[in-house]
Amino acid sequence: MKDISRRDFMKIGGLLAAGSLLSPLSGIGRALAQAPVVGSEDVTKAGASGSKAKVYFTKHIDAPHLLKLYGRINEHIYGKTAIKLHTGEAHGPNILPRDMVRAFQAAIPDSTIVETNTMYVGDRDTTEKHRKTLEINGWTFCPVDIMDEEGTVMLPVRNYLHLPEVSMGSHLLNYDSMVVLTHFKGHARGGFGGSLKNIAIGCADGQIGKRMVHGFHKSDAPGVDDWEGSMANGALFMENMADSGKATCDFFGKRIVFINVLRRMSVDCDCAGVKAAEPVIPDLGILASTDILAVDQASCDMVYARPEKEKHDLVERIESRDGLAQLAAMRRLGMGNPRYEIVPID
């Protein structure tokens, strides 16, 4: 990543000497610090004028507060609405609470949970196996559209970094709007899985699009050695994800919004299922925005603001994979505002 390095960006951590400077703004002891890569600068405390993305926040993780947040960002959501959710491998311990998602989905008219099949062999690599896993995990209260069940479609990427187009599940075209409801956590390849990962991998179809994003060109399903030896890693993978995520954002325009739930933040993704590591960092709350860069940046910033003993494992996972390059790539692609502010709703 030549254009934007960690040291090229402003840090707001210089005011921290011994311990955290607590802010009443967030209700969680938010420190005046950002992640070491800044795609969108937190100007909440600066009182800056001019354009900035609003990121709404609640420390409460429940259906009423989730719906209250959604009410702040849903102005352009209409018609047939896709709720992009990571439904998880079988019996995954960290996936979003079904009761909370059920209440949320019921409040959005003509809405459907959407997913795609996986590239790797597991509980969801075929539509038949995927539907069985959906039942096991309790996603039975509304329709779940496996978007690549009936084929794929190429979506263009404007001003792309590497991928001029990305293959998506063809059913994506059936929706007027999308709500990206994300369990924010670590990720084995991406470092962290936020809203970008949810759509970049989650809307790409299992056998073409996901291979494009991963830079995997073999015809067989990836084996153990392929994940390190035959795929894009580090900043290149993050930039491919940004291209893929931008394809979906370009398609929906203003009709897409982003919600990150900072709950049970294991270093492992929900694709790890029962093998996911137990979270060390506490639950922090929910963030919502119309700006994908701002919501993922704010989520990372909240993680980095925690005490060392709480954040260590998740930060190590993020940085060992160059995960913060996601933020830099989104900034290069113009996917969000370069400044954001936190707006508490509690």
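On full extension, the segment bounded by residue 91 and residue 226 gains 46.0 nm, given 0.36 nm per residue less the C-alpha separation. Applying the Karplus relation 6.51 cos²θ - 1.76 cosθ + 1.60 with θ = phi - 60° to the stretch 145-150 yields 3J(HN,Hα) values of 9, 7, 5, 9, 4, 10 Hz, where x marks Gly and Pro. Taking amide H as placed 1.01 Å from N in the peptide plane, residue 339 has its amide H under 5 Å from the amide H of 41, 53, each at least 5 places away in sequence or on another chain.
Annotation note: trypsin sites (Lys or Arg not before Pro) in the stretch 238-305 located in DSSP loop regions with a Cβ neighbour count of at most 12 within 10 Å are 254.
Note on 170, 195, 266: ascending count of other Cβ atoms within 10 Å places them as 170, 266, 195, the fewest first. Placing +1 on the Cβ of every Lys and Arg and -1 on the Cβ of every Asp and Glu, with no other charges, gives the stretch 207-299 a dipole of roughly 360 debye about its Cα centre. Please compute the Cα-Cα pair-distance distribution of the stretch 247-311 with 10 Å bins starting at 0, giving whole percents from short to long. For the stretch 247-311, the pair-distance distribution reads 20, 41, 30, 10, 0.
Express the relative contact order of the chain as a whole percentage, based on alpha carbon pairs under 8 Å and six or more residues apart in sequence.
Relative contact order comes out at 28 percent.
Assuming 1.306 mPa s and 10 °C, estimate D for the stretch 19-344 with Stokes-Einstein, Rh taken as the Kirkwood radius over Cα pairs, in µm²/s. Reported coefficient: 82 µm²/s. The GNM of the chain, with springs linking C-alpha atoms under 10 angstrom apart, assigns the highest mean-square fluctuation among 274, 114, 315 to 274. Each of 97, 48, 58 was scored by the projection of its Cα onto the charge dipole of the chain, and the greatest displacement toward the positive side belongs to 48; charges sit on the C-beta of Lys, Arg, Asp and Glu. Considering only 101, 213, 303, the Gaussian network model of the chain with Cα springs below 10 Å gives its largest mean-square fluctuation to 101. Computed from backbone phi, the HN-Hα couplings of the stretch 93-109 come to x, 10, 4, 4, x, 4, 4, 5, 5, 4, 5, 5, 4, 5, 8, 10, x Hz, rounded to whole numbers (Karplus: 6.51 cos²θ - 1.76 cosθ + 1.60, θ = phi - 60°; Gly and Pro given as x). Distances between placed amide hydrogens fall under 5 Å for residue 83 paired with 112, 113, 114, 179, all partners being 5 or more residues away or on another chain. Positive contributions from Lys and Arg (+1) and negative ones from Asp and Glu (-1), summed over other residues with Cβ under 11 Å from the Cβ of residue 87, come out at -1.
In plain terms, the chain from residue 59 to residue 121 could stretch by 18.7 nm, reckoned as 0.36 nm per residue minus the Cα-Cα distance.
Among the trypsin sites (Lys or Arg not before Pro) in the stretch 71-111, those placed in a DSSP loop whose Cβ has at most 13 other Cβ atoms within 10 Å are 80.
Just so you know, all these numbers are worked out from the coordinates, no wet-lab data involved. In this text, all values refer to a predicted model and were calculated from it rather than measured experimentally. Note that we place each Cβ from the backbone using ideal geometry, even for glycine, and neighbour counts take in every protein chain shown.
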